[in-house]
Structure formats: structure tokens, C-alpha cells
1. I'm trying to understand the selection: among the residues of region 42-63, which are under 14 Å from residue 79 (Cα atoms), of a type in the set (Gly, Ala, Ser) and under 13 Å from the mean Cα position of the chain (by Cα)?
2. Pull up region 74-97, narrow it to residues that are among the small types (Gly, Ala, Ser) and in contact with a strand residue (DSSP E or B) (Cβ under 7 Å, 6 or more places away or on another chain), then point me to the one that is nearest to residue 45 (Cα to Cα).
3. Looking at region 83-93, can you tell me whether even one residue there is in a helix (DSSP H, G or I), more than 24 Å from residue 37 (Cβ to Cβ) and open to solvent by 30 Å² or more (accessible area, probe 1.4 Å)?
4. Among the residues of region 12-23, which ones are at pLDDT below 70 and open to solvent by less than 100 Å² (accessible area, probe 1.4 Å)?
5. Just checking, which of 6, 56, 2 is surrounded by 11 or more Cβ atoms within 10 Å (Cβ to Cβ), modelled with pLDDT of 75 or more and not polar (S, T, N, Q)?
6. Inspect all residues belonging to region 24-34 and state whether any of them is touching a Gly at 6+ places or on another chain (Cβ under 6 Å), modelled with pLDDT of 85 or more and closer than 25 Å to residue 108 by Cα.
7. For the structure I just gave you, tell me whether residue 42 is surrounded by 11 or more Cβ atoms within 10 Å (Cβ to Cβ), out of contact with any strand residue (DSSP E or B) (no Cβ under 6 Å at 6 or more places or on another chain) and small (Gly, Ala, Ser).
8. (1) within 20 Å of the chain's Cα centre (by Cα); (2) surrounded by fewer than 12 Cβ atoms within 10 Å (Cβ to Cβ); (3) at pLDDT 95 or above: which one isn't true of residue 107, the others all being true?
Amino acid sequence: MKNIIKTLLTCAGTAAVILAIPILYYFPGYNWRTVEKNAFYGSRQMSGAVLERTVKKYNIKTVINLRGENTDSEWYIEEAAACNRAGITLANFSWSKSRIPSPDSLARFIKLIET
């Protein structure tokens, strides 16, 4: 019986460690990734304070929000204020993972990326 419990605890511990790695990477690090060094980065939603530190650290000039302009949402108000305080552009795109963006929106995105 002791061996079975020991084996189960070992398996549970191993599974916890394996699952913890992506969680520890994703949440505290905002899923931060470099797409093109010194040019293009990606992340999930940051708080205003973290966003301000990040744009300063990486000399970011434009933040692209793919969730659209949400002027009644606290996260959006905080993000827009942080961009304003940092003196950088906030570009909003209302994109969804369940549908293809409109041709006009894609063209606007490409133009933004090129500049």
C-alpha cells in the first residue's frame, strides 16, 4: 500500500511540475515574446504600470490592441492612459479568433506594421 501511495504522489508531483512551467511562464511574464528583435513584440494584456515599464525598457513606440476600443472597460482605460503617459501610439483593432478580419482592417494593420 505504501508503494502505491508513493507512486501516486510521485506521479502527481511530476505532473504538477510539468504543468507549472507553462503557467509560471505565461502569467508573470505576460506571455512576452520577441517576434522581431528591436522591432516587434507580443504579449497578453498588461496592467498600465507594467505596460509603461515595458515600453520604456524596449523603446516601444506603438501598442497594438487586438481586442478593440473598449472605452467602458477598466483594462482599456488603464492601457490608453499608460500609452498616453508614455507618449506612444495606441492602435485598436477589433479582431476575433473566430473570424477573419476585414480587408480594410488587414490593410490598416499591414500599413501600421510597415511604418
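1. Answer for region 42-63, where residues must be under 14 Å from residue 79 (Cα atoms), of a type in the set (Gly, Ala, Ser) and under 13 Å from the mean Cα position of the chain (by Cα): 43, 47, 48.
2. 80
3. Applying the first criterion (in a helix (DSSP H, G or I)) to region 83-93 yields 83-86.
Going one step further and asking which of them are more than 24 Å from residue 37 (Cβ to Cβ), we end up with 84-85.
Narrowing further to those that are open to solvent by 30 Å² or more (accessible area, probe 1.4 Å): 84-85.
Yes, there is a match, as at least one residue in region 83-93 is in a helix (DSSP H, G or I), more than 24 Å from residue 37 (Cβ to Cβ) and open to solvent by 30 Å² or more (accessible area, probe 1.4 Å).
4. Hits for region 12-23 are 12, 13, 15, 16, 17, 20, 22, 23.
5. Only one candidate qualifies: 56.
6. Checked against the condition, which is being touching a Gly at 6+ places or on another chain (Cβ under 6 Å), modelled with pLDDT of 85 or more and closer than 25 Å to residue 108 by Cα, region 24-34 yields at least one hit.
7. So residue 42 does not fit the description; no.
8. Of everything listed in (1) within 20 Å of the chain's Cα centre (by Cα); (2) surrounded by fewer than 12 Cβ atoms within 10 Å (Cβ to Cβ); (3) at pLDDT 95 or above, residue 107 misses just condition (1).
The values are calculated or read from the model by the stated rules, or taken from the named source; none is laboratory data. Model, not experiment: these values are computed from the prediction. We place every Cβ from the backbone using ideal geometry, glycine too, and count neighbours over all the protein chains shown. Keep in mind that these areas ignore ligands, DNA and RNA; they rest on the heavy atoms of the full protein, side chains included. Shrake-Rupley method; radii C 1.70, N 1.55, O 1.52, S 1.80 Å.
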